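Undergrad: Would you mind keeping the following structure in view while I ask a few things?
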Amino acid sequence: MKDGNNTAGLGIGTIAIHAGQHPDPTTGAIMTPVYQTSTYVQPELGRHLGYEYARTHNPTREAYERNVAALENGAHAIAFASGLAATDTMIKLLSAGDHVVCGEGVYGGTYRLFKQVIERMGIEFSFVDSSSLDAIRAAVKPNTKLVHVETPTNPMMQLTDIPAAAEIAHAAGAWLSVDNTFSSPYNQRPLELGADIVLHSVTKYVNGHSDMVGGIIVVRDDELHERLRFLQNAAGGVPGPWDCWLAMRGTKTLHLRMKAHNANGQQIAEWLDAHPKVQAVYYPGLPSHPQHELAKKQMRGFTGMISIEMGSLEKAAAFVNQVRIFALAESLGGVESLIGHPAMMTHASIPRERRYAMGLTDGLVRLSCGVEDVEDLIADLDQALSHV
């Protein structure tokens, strides 16, 4: 594919491997080089070759941004050093006195950023159950400038109806932003459903190999892109070229990995749903999930993320402490399977009463099902559950 930007009519696998990338003009190298430099020599005063300083521009980062923009069917992507750096930059589109309607099921770090940092700067937040369109609609105020949701939510796996939420936001003159980390561009493309802003913790499914930390924002609107690009450069939370190269290497297998994550997640969720020691399974791919029909409508796969209720902290601890293939660790979306306890790990910054109101109890366990042989993963969970 000679033109790495022309992806019209191509499948997502072809886009993942080729979009935004060109053979190196100097050597013909098929892989984008790692431009490990902080500055660029200028031929003469007042003239440069398109690059001045690496915070502002880096060719490796540009290729990575073009690639992810194509994967989300967006026009522009803006890369950051972490998912939270991307979220922080997005919220800086707003000013003191503005209001945000935020889904209550967002990642704990997002909640901490909004409540403990951004709110002190005069931006107001209302946290609502974003699976309820009535709750979103009721929370909108005259000064609402942004509706921000994760779908599926972390870790309760609740969904937001993206087209309907976009209608509510746009009627109020606000943007809709969607954290698409749990789904990945393979399973869900919010921009196609009416969202204005999509963001990812690239650390997770987009990279998929647990070897870098990064974040990215994707938009279609040119003016919104210019504002975000200015903020990226002004605040400077950019990723290094090596991390960009690692993320771009990861996207080349996104379509293959997500098929395996989806298949393993579905089979393991069905197995857990029938297990007598598991009180509840939260997974959109199960017909018992209250939003299963919505999931089928706006997602092409249901990911490898599963949350289960064990009934108590003691039972949850007994379970997670006995796994052998699943690794007890924070994060998700890598090729290896992980298990975690959100109340004590990823969501510890959320007050207990708020967690419990969402169903995020001390007995909740979150699984990130990797791409290992599913029979081995089920056997591991089975032996661990025998200790509960």
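The values are calculated or read from the model by the stated rules, or taken from the named source; none is laboratory data. Predicted model only: the values in this text are computed from it and were never measured. Neighbour counts run over all protein chains shown; Cβ positions are idealised from the backbone, glycine included. All accessible areas refer to the heavy atoms of the entire protein, side chains included, with ligands and DNA or RNA removed. Shrake-Rupley method; radii C 1.70, N 1.55, O 1.52, S 1.80 Å.
Undergrad: Residues with beta-carbon under 10 Å from that of A234, excluding A234: net charge, scoring Lys, Arg +1 and Asp, Glu -1?
TA: Values: positive: R55, K92, R229; negative: none.
Computed value for this residue: +3.
Undergrad: I want the local charge near G74. Using Cβ-Cβ distances under 12 Å, sum +1 for each Lys or Arg and -1 for each Asp or Glu among the other residues.
TA: Result for the neighbourhood of G74: -3.
Undergrad: Quick one: if the Förster radius is 30 Å, what FRET efficiency do L133 and E330 give, using the C-beta to C-beta distance and rounding to 0.05?
TA: Efficiency for this residue pair is about 0.40.
Undergrad: Moving to a separate point now. For the range 220-281, report the accessible area per residue in Å² (1.4 Å probe, heavy atoms, rounded to an integer).
TA: Ligands and nucleic acids excluded, the figure is 46 Å² per residue.
Undergrad: Just to confirm a number: summing +1 for Lys and Arg and -1 for Asp and Glu over residues other than T89 whose beta-carbon lies under 13 angstrom from that of T89, what do you get?
TA: +2
Undergrad: Where only protein heavy atoms count, and the probe is 1.4 Å, what is the accessible area per residue for the range 79-161 in Å²?
TA: Working: 2730 Å² over 83 residues.
Here the per-residue accessible area is 33 Å².
Undergrad: Which residue fluctuates most in the GNM of the chain (Cα springs below 10 Å): D373, D211, D88?
TA: D373
Undergrad: Oh, and also: As I understand it, the dipole of the range 273-388 uses +1 on the Cβ of Lys and Arg and -1 on the Cβ of Asp and Glu, about the Cα centre. Which of P290, S337, S368 lies farthest toward its positive end?
TA: P290
Undergrad: Roughly what would the spin-label model give for E375 and R55, points 7 Å off Cα along C-beta, in nm?
TA: Computed distance between label sites E375 and R55 equals 5.6 nm.
Undergrad: With springs only between Cα atoms under 10 Å, which of I30, I168, I378 fluctuates most in a Gaussian network model of the chain?
TA: Among I30, I168, I378, the largest mean-square fluctuation in the Gaussian network model of the chain belongs to I30.
Undergrad: How far is helix 222-235 tilted off the main Cα axis of the chain, in degrees rounded to 10, range 0 to 90?
TA: That works out to roughly 90 degrees.
Undergrad: I've got another one for you. Mind checking the dipole of the range 118-252: about its Cα centre, +1 per Lys or Arg Cβ, -1 per Asp or Glu Cβ, Debye to the nearest 20?
TA: Result for the range 118-252 is approximately 280 debye, rounded to the nearest 20.
Undergrad: Now a separate question. If I take every Cα pair under 8 Å that is 6 or more residues apart in the chain, average their sequence separation and divide by the length, what percent do I get for the relative contact order?
TA: Relative CO of the chain lands at 17 percent.
Undergrad: Counting only protein heavy atoms and using a 1.4 Å probe, what share of the accessible area of the range 345-387 belongs to carbon plus sulfur, as a whole percent?
TA: 49 percent
Undergrad: Mind pulling the angle between the C-alpha long axis of helix 59-71 and the longest principal axis of the chain? Nearest 10 degrees, somewhere in 0 to 90.
TA: The helix 59-71 is inclined about 50 degrees to the chain.
Undergrad: Based on the mean of other beta carbon atoms within 10 Å per residue, what is the order of 293-300, 218-225, most packed first?
TA: The most tightly packed comes first, giving 218-225, 293-300.
Undergrad: I've got another one for you. How much of the accessible area of the range 141-198, probe 1.4 Å, is carbon plus sulfur, in whole percent?
TA: 51 percent
Undergrad: Calculated from DSSP H runs of 4 or more alone, at -39500 (n - 2.57) each and per residue, what is the 222 nm mean residue ellipticity of the chain, nearest 500?
TA: -10000 deg cm²/dmol
Undergrad: May I ask you to order 149-155, 120-126 by the average number of other C-beta atoms within 10 Å around their residues, highest value first?
TA: Highest-to-lowest ranking by the protection proxy: 149-155, 120-126.
Undergrad: Given Cα pairs under 8 Å that are at least 6 residues apart, what percent is the relative contact order of the range 235-388?
TA: Working: 225 pairs, mean separation 40.1, N = 154.
Reported relative contact order: 26 percent.
Undergrad: Now a separate question. In Å², what does the accessible area per residue of the range 1-60 work out to with a 1.4 Å probe?
TA: So the range 1-60 comes to 66 Å² accessible per residue, rounded to a whole number.
Undergrad: Using Cα positions and a limit of under 15 Å, work out the aspartates and glutamates in reach of K204, with same-chain residues fewer than 8 apart set aside.
TA: E150, D179, D243, E330, E336
Undergrad: Pairs K141/K297; K92/K145; K92/K115; K115/K145: which are spaced more than 22 Å apart, C-alpha to C-alpha?
TA: Working: K141/K297 29 Å; K92/K145 12 Å; K92/K115 14 Å; K115/K145 17 Å.
Table pairs above 22 Å Cα-Cα are K141/K297.
Undergrad: Among L360, L193, L84, which one moves the most in a GNM of the chain with springs linking Cα atoms closer than 10 Å?
TA: Looking only at L360, L193, L84, the largest GNM fluctuation is found for L193.
Undergrad: Turning to a different aspect of this structure: Once you charge only the Cβ atoms, +1 for Lys and Arg and -1 for Asp and Glu, what is the size of the charge dipole of the chain about its Cα centre, to the nearest 20 debye?
TA: Its charge dipole is roughly 380 debye.
Undergrad: Now a separate question. Would you list, by chain and number, the lysines whose Cα falls below 23 Å from the Cα of K315, excluding same-chain residues fewer than 8 positions away?
TA: Filter leaves K277.
Undergrad: So between H22 and E314, what do we pick up on full extension, going 0.36 nm a residue minus the alpha carbon distance? Mind showing how you got there, number by number?
TA: Details: separation 292, 0.36 × 292 = 105.12 nm, distance 5.35 nm.
My answer for the length gained is 99.8 nm.
Undergrad: For the charge dipole of the chain, defined by +1 on Lys and Arg C-beta atoms and -1 on Asp and Glu C-beta atoms about the Cα centroid, which residue among L385, P142, G74 has the Cα displaced farthest towards the positive pole?
TA: Working it through, the farthest residue towards the positive pole turns out to be P142.
Undergrad: Next question, about the same structure. Label point 7 Å out from V34 along Cα-to-Cβ: which residues of the range 204-244 have amide N under 19 Å?
TA: Once the point is set 7 Å along Cα→Cβ of V34, 204, 207-215, 238-244 turn out to lie under 19 Å by backbone N, inside the range 204-244.
Undergrad: For a Förster distance of 35 Å, can you work out the FRET efficiency between the beta-carbons of K297 and R120, rounded to the nearest 0.05?
TA: 0.35
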